[in-house]
Amino acid sequence: MQNYQLVLCYEGSRYRGWQKQGNTDNTIQARMEVILSRLLGQPVELAASGRTDAGVHARRQVCSFRAETALSCGELLASLRALLPADIGALSLTPAPPRFHARLSCTGKTYVYRIWNSDAPNVFRRRCMLQLPNELDLDAMRAAASLLTGRHDFSAFCSAKRMKKSPVRELSQVQIAREGEELRLIFTGDGFLYNMVRILTGTLLEVGGGTRDAQSMPRLLESRDRALAGPTAPAHGLTLWDVYYDGEEKRREALSSLDSAGEYC
């Protein structure tokens, strides 16, 4: 049985997130498994690098699955693309090593939270950006971000009331990049807790708006108290930007400004 790596992109506005659920089939995983099982004539279980929440998008979501088929990767990819809805794209399909697992083999991820920081309307990108007209102090936000990087217990930035695994994560980089009216908060780390990026964003926006002191980040981390952190930013501004394996994040230049790839939405 062959192991495969499938790379997807999706606009998550109308889905209930990545993970399949018992009370709905309107998730990315459920839709993908139905289509792949039909194409391959066998049950297919699809693993992903991580579970994006309802309304969150992905520029590069890496998946893995096992199947027996005489179809080449090119043939299967073409058939898959013909059946996918317009808001889910299959970017690539390749054979994977036997022990590769999209989630367990993942060594890092980059998430980008996009903000249209203007009172002018942006109707064409409203589904993938938070519109926030308020003026923001970017220097204060960058100062706060620098205090959040490193290896910490991020319990204060997690919505889960109970965690089976350690809340300690390595946040290697937080960048705040602006070009024109668009602001991006770019988070790279070895893993992220439930709602962690959206809570980090909500907290940094409070700093930018002047309602929270940038120097309070160490105390907030030490508190491990979710109630003391900022609000959970809306889902539609968040995109899973990239996923890394075997130290790839060290070989790729971190995103620091808007680029042509950003025009996807």
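The values are calculated or read from the model by the stated rules, or taken from the named source; none is laboratory data. All of these numbers come straight from a predicted model, not from anything done at the bench. No Cβ is skipped: glycine too gets one built from the backbone with ideal geometry, and neighbour counts run over all protein chains shown.
For the reader, a short list of remarks on this structure follows.
- One residue alone among ARG59, ARG16 is among the charged types (D, E, K, R), over 20 Å from GLY191 (Cα atoms) and touching a strand residue (DSSP E or B) at 6+ places or on another chain (Cβ under 8 Å), and that residue is ARG16.
- Failed item in (1) under 22 Å from TYR194 (Cβ atoms); (2) touching a helix residue (DSSP H, G or I) at 6+ places or on another chain (Cβ under 8 Å), with THR27 passing the rest: (2)
- Of the residues in segment 109-132, at least one is modelled with pLDDT of 95 or more, of a type in the set (S, T, N, Q) and farther than 30 Å from ASP190 by Cβ.
- Filter pass, ARG224 being more than 30 Å from ARG103 (Cα to Cα) and assigned by TED's automatic domain parsing to the domain that holds ILE115: no
- Of all the residues in segment 118-153, those that are within 21 Å of the chain's Cα centre (by Cα), within 27 Å of CYS9 (Cα to Cα), in a loop (DSSP other than H, G, I, E, B) and not charged (D, E, K, R) number 3.
- Any hit, segment 205-216, residues being surrounded by fewer than 17 Cβ atoms within 10 Å (Cβ to Cβ), part of a strand (DSSP E or B), out of contact with any Ser or Thr (no Cβ under 6 Å at 6 or more places or on another chain) and not acidic (Asp, Glu): no
- Any hit, segment 188-201, residues being surrounded by fewer than 20 Cβ atoms within 10 Å (Cβ to Cβ) and in a strand (DSSP E or B): no
- Qualifying residue in segment 157-170 (condition: more than 19 Å from ASP53 (Cβ to Cβ), surrounded by 17 or more Cβ atoms within 10 Å (Cβ to Cβ), in contact with a strand residue (DSSP E or B) (Cβ under 8 Å, 6 or more places away or on another chain) and touching a residue at least 12 places away in the same chain (Cβ under 8 Å)): no
- Contact map, segment 128-139: residues that are assigned by TED's automatic domain parsing to the domain that holds GLY202 and surrounded by 19 or more Cβ atoms within 10 Å (Cβ to Cβ) paired with residues that are among the small types (Gly, Ala, Ser) and part of a helix (DSSP H, G or I), Cβ distance under 6 Å, separation 6+ or inter-chain. Pairs shown: MET129/GLY237; LEU130/GLY237; LEU136/GLY208.
- Count of segment 47-60 residues, restricted to those that are buried (at least 23 other Cβ atoms within 10 Å of the Cβ) and part of a loop (DSSP other than H, G, I, E, B), is 3.
- Taking segment 72-97 as the range and being free of Cβ contacts under 8 Å to residues at least 24 places away in the same chain and assigned to a loop (DSSP other than H, G, I, E, B) as the test, the residues that pass are SER72, ALA86.
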